Amino acid sequence: MSDLFADLPWFLKEYVHSNRWSSFRSIQTETYELIRNGDSHILISAGTSSGKTEAALFPVISSLYTDPPAGIGALYIGPLKALIDDQFERADYLLRDSGIRVTGWHGDVSQSAKKKLFANPSGILQITPESLQNIISNHPDQLVPMFASLRFVIIDEVHAFMSSDRGLQLLCCLETIERITKCRPRRLGLSATVSDPAPFCEWFSASTGVPTEPVTDGSIGDRELEIRYNLFPTPQEEEGIPRKKAVTAYYRRLYSDIEGRNCIVFTNSRDSAEKTSHSLMKMAELDNRPGTVFIHHGSVSRELRAEAEKALKSDSGKKSVVATVTLELGIDVGNLDRIIQVGAPYTCSSMVQRMGRSGRRGGSQNMVIYCNDDLSRYWAETDGISMDTVRCIAMAELVLKDHWVETPSVPSRPYGLLFHQTLQYLKPGLGAKFAELAENVLSMYPFRNISRDDYRTLIRSMVSSTFLERMEDGTYLIGTKGERMAFHRDFCSVFTVGKEFEIKFEGKSIGSIQQIPSPGELIQLAGRVWEVTEVDMKDYHADVIESDGTVNTPWTSGIPGLDTRILKKMKEVLVTNDDYPYIDQSARDCLRQCRSAGYLQGVGSTFVDRSNGYRIYPWLGSRQFDTLRRILQQVDGIKGMRSRQPYYIDVATDLSESEIRSEVRNILHSRSGISLVVESDDLRIGKYDEYVPESLLIKQFVADEIDTDFDL
């Protein structure tokens, strides 16, 4: 078959034969050659179910089997507990006769399994960043016996780490392990959403001094996409009858899409997932198909999420799961016939990731997107234009034709993480002077853009607030507040998890909500409507019984910003006459109306005359749009302003178009980003930001939120 097959241990050859592989995929052979003949780190970029995991695991396992290391030979790091569990089952089956031990490690893994690994570290450790930080923080004496022989680090879903403090924390953990144990493991990254590998490779190499080689699957499988459009009139129109008809027709069509198929129905919010699953569950019950629709999101209990995952993998009949981002990443959910997306996804990366959940095991990817305009919501239309529909088409064009997805934005000045890692370094109690802290903490890759002066400012603040203590000789020790924080059980997590109110039915948890309910209140959770019977504030839970009716249970969560390239493509969709074969007739009619409205509004021009000024259509991404809005607020001669982000800005002014352009350019080139920060800006976003001086948070905000790289 190839040199790769010849070098495989017998149990992997058996696996290849039992799965009837006739050949290896290009990413598998290329990764094998790079590992065998080179020293670089490797970033494997390919679609879902493309063999990425085997491309990384096969050469790693072969190395550990042929030459067993003294301790743990490979780390597998994943972003989700469920992904760790899923990959544990996969690797455990693969290695069942090999003698190589696989250990899964996260908050839900038993202490006995962890103690067993401490006593005899070996094989492959599958772990989350928080649990890896926990080992470093609370078991420093175990680092050398565990990791001194570490050869490989596999990071799954790299794109999910890059844009967060969590990913930077992971890089800090790896750098700490390498410094203490002197190991130099090779890194193997896996991602399904990379269009420009260069930023990924830079992040992945970090401060190791070792380059990262991208391995890309150039082939793109068949993709079947359909965009469908629905319009829901206001409840006031004709006593709500047209709205009821439109909503009923929509759910009937949605139900027919999932009937007799294995599907995931993705939504953009937990609220939407609850409404959608509730309706589909009711329809399935009326159709004598109870137990065929499930729900999966972060506020549903772990047991119910596991039940939904098991249902998709089951061979006993066709099942569907309504889900949010929790099923977007690479958990194996079996062979899906179709993906449904309710509402335009927020990013092209998400579109690719979700579409790729179908088409596993050789089939084509199949996705249906429902763009729904609800006229009872003020944002349904902008100037008569269904921006969600236009955005969805633009994103489809970028994905299907340009093969483009966003590059994650890496936090540039993570002062909150620097606060955390400083406490981590001083936690053992030995103390350190500033030069030592700068050499061992500030020098880590995530803090490369932070100056020594800024670090001194942070250290002084930590001393004044008693997180640190400064001795007469200049040695810093962990202070009383710092000690309480560093030894708290939540210290190893750098993201905030809001406390939610647990909901129980017949003594079993069905999930949690963000608000405290009252007895008699109706809530919607896990696809059902419940009536609260009792509220226990001591244990922070409520008991419920199943009820009927309709109710909204709101959840709050952030919405990703749009990339400038998406906005530019939206403009192109509006101002051209291009047809798109993947949109249905309703979407085609909607697009025609959008183009007519856009022509009347002048969306093809940046400046459109208004009676008291201009409407500006900048067609910039969310960050650049917000930066432009801030700049316009500082232009003398602009008397008033309102905006619909990120689509237009109305300015009341007597200035000419050329004068406004000139003023914007002057501010762009002559003023610092700090001048654009206003008092109402929320500077404290990260978990530890509240302990960082405001002067540093302003710098962090400017680096991460202000983008002046544009022209008007």
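List every residue pair whose Cβ atoms sit under 8 Å apart, with the two residues 6 or more apart in sequence or on different chains, where the first one lies in the stretch 102-121 and is assigned to a loop (DSSP other than H, G, I, E, B) and the second, anywhere, is among the aliphatic types (A, V, I, L, M) and surrounded by 11 or more Cβ atoms within 10 Å (Cβ to Cβ).
Matching pairs, first to second residue: His106/Ile84; His106/Ile127; Pro121/Ile72; Pro121/Met146.
Of the residues Ile545, Ile566, which single one is loosely packed, with under 15 Cβ neighbours inside 10 Å and either charged (D, E, K, R) or at negative phi (or both)?
On the way: Ile566 fails: loosely packed, with under 15 Cβ neighbours inside 10 Å.
Answer to the selection: Ile545.
So that you can scan it fast, the table gives a plain yes or no per residue for (1) surrounded by 13 or more Cβ atoms within 10 Å (Cβ to Cβ); (2) over 25 Å from Gln700 (Cα atoms):
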| site | (1), (2) |
| --- | --- |
| Val575 | yes, yes |
| Ala587 | yes, yes |
| Asn612 | no, yes |
| Ile616 | yes, yes |
| Arg629 | yes, no |
| Gln634 | yes, no |
| Glu657 | yes, yes |
| Ser662 | yes, yes |
| His669 | no, no |
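So, of the residues in the stretch 319-343 that are part of a loop (DSSP other than H, G, I, E, B) and free of Cβ contacts under 8 Å to residues at least 60 places away in the same chain, which turns out to be nearest to Gly298 (Cα to Cα)?
Looking only at the stretch 319-343, we keep the residues that are part of a loop (DSSP other than H, G, I, E, B), and these are 319, 324, 328-337, 343.
Applying the additional criterion that residues be free of Cβ contacts under 8 Å to residues at least 60 places away in the same chain yields 319, 324.
Working: Lys319: 20, Thr324: 8 Å.
Filtering first and then ranking leaves Thr324.
Between Glu483, Glu469, Glu502, which is in a strand (DSSP E or B), under 29 Å from His106 (Cβ atoms) and not small (Gly, Ala, Ser)? Steps first, please.
Values: Glu483 fails: in a strand (DSSP E or B); Glu469 fails: under 29 Å from His106 (Cβ atoms).
Residue meeting the stated conditions: Glu502.
Taking the conditions exactly as written (within 16 Å of Thr128 (Cα to Cα), outside any helix (DSSP H, G or I) and touching a residue at least 60 places away in the same chain (Cβ under 8 Å)), does Ile154 satisfy them or not? Steps first, answer last, please.
Values: within 16 Å of Thr128 (Cα to Cα): yes; outside any helix (DSSP H, G or I): yes; touching a residue at least 60 places away in the same chain (Cβ under 8 Å): yes.
Yes.
Restricting to the stretch 162-201, and then to whatever is assigned to a helix (DSSP H, G or I) and under 24 Å from Val399 (Cα atoms), can you tell me which residue is nearest to the chain's Cα centre (by Cα)? Reasoning before the result, please.
Taking the stretch 162-201 as the starting set, the residues that turn out to be assigned to a helix (DSSP H, G or I) are 162, 165-181, 197-201.
Now narrow it down to the ones that are under 24 Å from Val399 (Cα atoms): 162, 197-201.
Working: Met162: 9, Pro197: 18, Ala198: 20, Pro199: 17, Phe200: 15, Cys201: 19 Å.
Out of the qualifying residues, it is Met162.
Restrict the check to the stretch 91-108 and report whether at least one residue is crowded, with 18+ Cβ neighbours inside 10 Å, within 27 Å of Val405 (Cβ to Cβ) and at pLDDT 90 or above.
Taking every residue of the stretch 91-108 in turn, none turns out to be crowded, with 18+ Cβ neighbours inside 10 Å, within 27 Å of Val405 (Cβ to Cβ) and at pLDDT 90 or above.
With the condition kept exactly as written, say whether any residue in the stretch 20-29 is in contact (Cβ under 8 Å) with a residue 60 or more places away in the chain, surrounded by fewer than 19 Cβ atoms within 10 Å (Cβ to Cβ) and either assigned by TED's automatic domain parsing to the domain that holds Phe152 or among the aromatic types (Phe, Trp, Tyr) (or both). Explain how you work it out, then say what you get.
Keep residues of the stretch 20-29 that are in contact (Cβ under 8 Å) with a residue 60 or more places away in the chain, which gives 25-27.
Next, from what is left, pick out any that are surrounded by fewer than 19 Cβ atoms within 10 Å (Cβ to Cβ): 25-26.
The next check asks that each one be either assigned by TED's automatic domain parsing to the domain that holds Phe152 or among the aromatic types (Phe, Trp, Tyr) (or both); those that pass are 25-26.
Looking for residues that are in contact (Cβ under 8 Å) with a residue 60 or more places away in the chain, surrounded by fewer than 19 Cβ atoms within 10 Å (Cβ to Cβ) and either assigned by TED's automatic domain parsing to the domain that holds Phe152 or among the aromatic types (Phe, Trp, Tyr) (or both), one finds at least one in the stretch 20-29, hence yes.
Taking the condition of being outside any helix (DSSP H, G or I), out of contact with any His (no Cβ under 9 Å at 6 or more places or on another chain) and touching a residue at least 60 places away in the same chain (Cβ under 8 Å), how many residues in the stretch 220-261 meet it? Spell out how you get there, then give the answer.
Taking the stretch 220-261 and keeping what is outside any helix (DSSP H, G or I), we get 220-236, 259-261.
Keeping just the survivors that are out of contact with any His (no Cβ under 9 Å at 6 or more places or on another chain) gives 221-236, 259-261.
From what is left, the residues that are touching a residue at least 60 places away in the same chain (Cβ under 8 Å) are 221-235, 261.
Of the residues in the stretch 220-261, 16 are outside any helix (DSSP H, G or I), out of contact with any His (no Cβ under 9 Å at 6 or more places or on another chain) and touching a residue at least 60 places away in the same chain (Cβ under 8 Å).
May I ask you to say which residue of Phe491, Phe495 is closer than 21 Å to His296 by Cβ, assigned to a loop (DSSP other than H, G, I, E, B) and either out of contact with any Leu (no Cβ under 7 Å at 6 or more places or on another chain) or of a type in the set (A, V, I, L, M) (or both)? Give the derivation first.
On the way: Phe491 fails: closer than 21 Å to His296 by Cβ.
Selected residue: Phe495, the only one of Phe491, Phe495 that is closer than 21 Å to His296 by Cβ, assigned to a loop (DSSP other than H, G, I, E, B) and either out of contact with any Leu (no Cβ under 7 Å at 6 or more places or on another chain) or of a type in the set (A, V, I, L, M) (or both).
Residues in the stretch 492-513 that are of a type outside the set (A, V, I, L, M) and either within 21 Å of Glu546 (Cβ to Cβ) or at pLDDT 95 or above (or both): how many?
Step one: list which residues in the stretch 492-513 are of a type outside the set (A, V, I, L, M), which gives 492-493, 495-496, 498-502, 504-509, 511-512.
Now drop any that are not either within 21 Å of Glu546 (Cβ to Cβ) or at pLDDT 95 or above (or both), which leaves 500-502, 504-509, 511-512.
Of the residues in the stretch 492-513, 11 are of a type outside the set (A, V, I, L, M) and either within 21 Å of Glu546 (Cβ to Cβ) or at pLDDT 95 or above (or both).
Within the stretch 371-459, which helices (runs of 4 or more DSSP H) (wholly inside it) include 1 or more residues that are hydroxyl-bearing (Ser, Thr, Tyr), more than 26 Å from the chain's Cα centre (by Cα) and at pLDDT below 95?
Details: elements: 387-400, 415-426, 434-437.
Because the criterion is at least 1 residues that are hydroxyl-bearing (Ser, Thr, Tyr), more than 26 Å from the chain's Cα centre (by Cα) and at pLDDT below 95, no helices (runs of 4 or more DSSP H) in the stretch 371-459 meet it.
Does Lys571 satisfy being basic (Lys, Arg) and surrounded by fewer than 15 Cβ atoms within 10 Å (Cβ to Cβ)?
Working: basic (Lys, Arg): yes; surrounded by fewer than 15 Cβ atoms within 10 Å (Cβ to Cβ): no.
So Lys571 fails the test.
Please list, ordered by first then second residue, the pairs with beta carbon atoms under 6 Å, 6 or more apart or interchain, first in the stretch 66-87 and not assigned by TED's automatic domain parsing to the domain that holds Arg186, second crowded, with 24+ Cβ neighbours inside 10 Å and modelled with pLDDT under 80.
Cβ pairs passing all conditions: none.
The values are calculated or read from the model by the stated rules, or taken from the named source; none is laboratory data. Bear in mind the structure is a predicted one, so any value in this text is a computation, not a measurement. Glycine gets a Cβ as well: all are built from the backbone with ideal geometry, and neighbour counts include every protein chain shown.
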